[in-house]
Amino acid sequence: MTSSPTSRASRSPDGARGDLFDPQCPTRRLLDRIGTKWTSMAVKVLAEASPEEVRFAELQRRMAGISQKMLSATLQGLARDGLVGRRVEATVPPRVYYRLTPLGLTLEEPLAALREWAEAHMAEADRANRRSERQQA
């Protein structure tokens, strides 16, 4: 029995592989969440600390330019996806710690390859952008 892309997407919660080209497939939403610069940075910081936990304030300090609100939203999304674990110490104020889950650790290698590619080809992309801007002016 063959399955269509739509049936694969509808079965993805039970472990079936997704189909990026199916508009209804949850793969697209997951890629939206993991494909951001903030997710890549958070995963890198947490992977470097693994298996230790990292406090929220330390994550924010290491991820220059991220707002508290954006970091909170990024971590909440990663936790919802099962990529990050969160632990709260009941102190005043509460201390919140994060770590990558085993699933989250599997994301570090592909994100590291993407970060490396971006750093290696940044100058070429910048030159192409400047050429394009000059041509449009």
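Coordinate-derived values only; no laboratory data. Source: prediction; values computed, not measured. Ideal geometry is used to build each Cβ from the backbone, glycine not excepted, and the neighbour counts take in all protein chains shown.
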(request) Based solely on C-alpha atoms, express the radius of gyration and the Dmax of the chain in angstrom. (result) 18.5, 58
(request) Place a +1 charge on the Cβ of each Lys and Arg in the chain and a -1 charge on the Cβ of each Asp and Glu, then give the dipole magnitude about the Cα centre in debye, rounded to the nearest 20. (result) 400
